[in-house]
Amino acid sequence: AIARALAIEPAWILLDEPMAHLDGPSRLELFELLRSALRNTRAGVVLATHHADEALRLADDAVVISAGRIIQQATARDVYRRPVNLIAAQATGPAAMLQNRIVRPEHLCFTPRDDGDATIQRCEFVGPGYVMSVLVQEDVVSVSSDTPHDVRCRGSITIIDA
């Protein structure tokens, strides 16, 4: 269907969840074909998706819409790295407010300490490492880690790059 749409050389093409019903390998294969096809056309593309990682990989520019309003429009890189608010940040991946700053899992480091104010609630293996849900005071934040930590382990959270 995408090939047929591109064959007529439209000014714009709308892709509404184009990979929604595909399994992992098929999704990756179609993603590469789609990216290649879109590079070879002059058509503008509007991609509607709930998969922020795919949108960020395909997009030059990104628009975050919440409650029917545009809340941020910028390059995909800027929307991810410099979100205007927590809603925009969460639209493009895991994010939380910590010490009045928007942080992502890769911005945080968990250090085990018996007197720490943070407690691990969940630790999951995700391929390249681990993602932990950590309770800090009354907030739960996601933290990336190269090593697993036990649930209920106490420690502290440090912002390493935000």
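The values are calculated or read from the model by the stated rules, or taken from the named source; none is laboratory data. Not measured: the values here are computed from a predicted model. Here the Cβ positions follow ideal geometry from the backbone for every residue, glycine too, while neighbour counts run over all protein chains shown. Heads up: the accessible areas ignore ligands, DNA and RNA and are worked out on the full protein's heavy atoms, side chains in. Shrake-Rupley method; radii C 1.70, N 1.55, O 1.52, S 1.80 Å.
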Spot the failing condition for Thr158; the list is (1) open to solvent by 20 Å² or more (accessible area, probe 1.4 Å); (2) under 23 Å from Leu56 (Cβ atoms), and only one is missed.
-> (2)
When (1) over 16 Å from the mean Cα position of the chain (by Cα); (2) in a loop (DSSP other than H, G, I, E, B); (3) not basic (Lys, Arg) are applied to Leu14, the one that fails is (2)
Among Ala11, Ala91, the single one that is at pLDDT 85 or above and closer than 30 Å to Asp139 by Cα is Ala91
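Take the range 135-156 and flag every residue that is of a type outside the set (S, T, N, Q) and in contact with a Gly (Cβ under 8 Å, 6 or more places away or on another chain).
Quick first cut of the range 135-156, residues of a type outside the set (S, T, N, Q) only: 135-136, 138-141, 143, 146, 148-155.
Listed by number, the residues that qualify are Asp146, His149, Arg154, Gly155.
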Residues within the range 10-31 that are out of contact with any His (no Cβ under 8 Å at 6 or more places or on another chain), charged (D, E, K, R) and surrounded by 10 or more Cβ atoms within 10 Å (Cβ to Cβ), tallied | 2
Evaluate the following for Val45: is it at pLDDT 85 or above and closer than 29 Å to Asn85 by Cα?
-> no
